[in-house]
Amino acid sequence: VISIGERDPELAAVAAPLFDRDGRLVGALCVAGTATRFADADLMARTRAAILAGARSVTGILGGPAELFDE
């Protein structure tokens with residue numbers, strides 16, 4: 001999920017869910033910062049890729065369906 005200025009015009013965030021071995025949502029991995037920082041398309045793409053890779057890794061460690069993060 002990407003949020004830019006939805007709740008506060010100055011804030012932005014990128015987040016992905018984390019799942020356990022039963023496929024239950026157990027948390028989220030998130031990076032948040034100022035909206036001006038996330039305005040850079042290259043930075044947003046790198047942040048999104050890092051969050052997805054991290055969520056895939058943590059979900060895999062938890063025994064969850066890491067393939068959900070395959071694009």
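The values are calculated or read from the model by the stated rules, or taken from the named source; none is laboratory data. Worth saying up front: this structure is predicted, and the values here are computed from it rather than measured. Note that each Cβ is placed from the backbone with ideal geometry, even for glycine, and that neighbours are counted across all protein chains shown. Surface accessibility is based on the protein's heavy atoms, side chains included, excluding ligands, DNA and RNA. Shrake-Rupley method; radii C 1.70, N 1.55, O 1.52, S 1.80 Å.
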Conditions (1) touching a residue at least 12 places away in the same chain (Cβ under 8 Å); (2) open to solvent by 80 Å² or more (accessible area, probe 1.4 Å); number of the one not met by PRO65: (2)
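Can we say ALA45 is part of a strand (DSSP E or B) and either of a type in the set (Lys, Arg) or exposed (fewer than 13 other Cβ atoms within 10 Å of the Cβ) (or both)?
Values: part of a strand (DSSP E or B): no; either of a type in the set (Lys, Arg) or exposed (fewer than 13 other Cβ atoms within 10 Å of the Cβ) (or both): yes.
The answer is no for ALA45.
Residues are listed down the side, and each one gets a yes or a no for (1) at pLDDT below 90; (2) among the charged types (D, E, K, R); (3) part of a helix (DSSP H, G or I):
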residue: ALA12; (1), (2), (3): no, no, no
residue: ALA15; (1), (2), (3): no, no, no
residue: LEU18; (1), (2), (3): no, no, no
residue: ASP22; (1), (2), (3): no, yes, no
residue: ALA28; (1), (2), (3): no, no, no
residue: VAL58; (1), (2), (3): no, no, yes
residue: GLU67; (1), (2), (3): yes, yes, yes
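Give the residue, chosen from GLY33, GLY27, GLY54, that is of a type outside the set (Phe, Trp, Tyr) and more than 12 Å from the chain's Cα centre (by Cα).
Working: GLY27 fails: more than 12 Å from the chain's Cα centre (by Cα); GLY54 fails: more than 12 Å from the chain's Cα centre (by Cα).
Testing whether each residue is of a type outside the set (Phe, Trp, Tyr) and more than 12 Å from the chain's Cα centre (by Cα) leaves just GLY33.
So is ARG56 among the basic types (Lys, Arg), in contact with a helix residue (DSSP H, G or I) (Cβ under 9 Å, 6 or more places away or on another chain) and touching a residue at least 12 places away in the same chain (Cβ under 8 Å) or not?
Values: among the basic types (Lys, Arg): yes; in contact with a helix residue (DSSP H, G or I) (Cβ under 9 Å, 6 or more places away or on another chain): yes; touching a residue at least 12 places away in the same chain (Cβ under 8 Å): yes.
Criteria met by ARG56.
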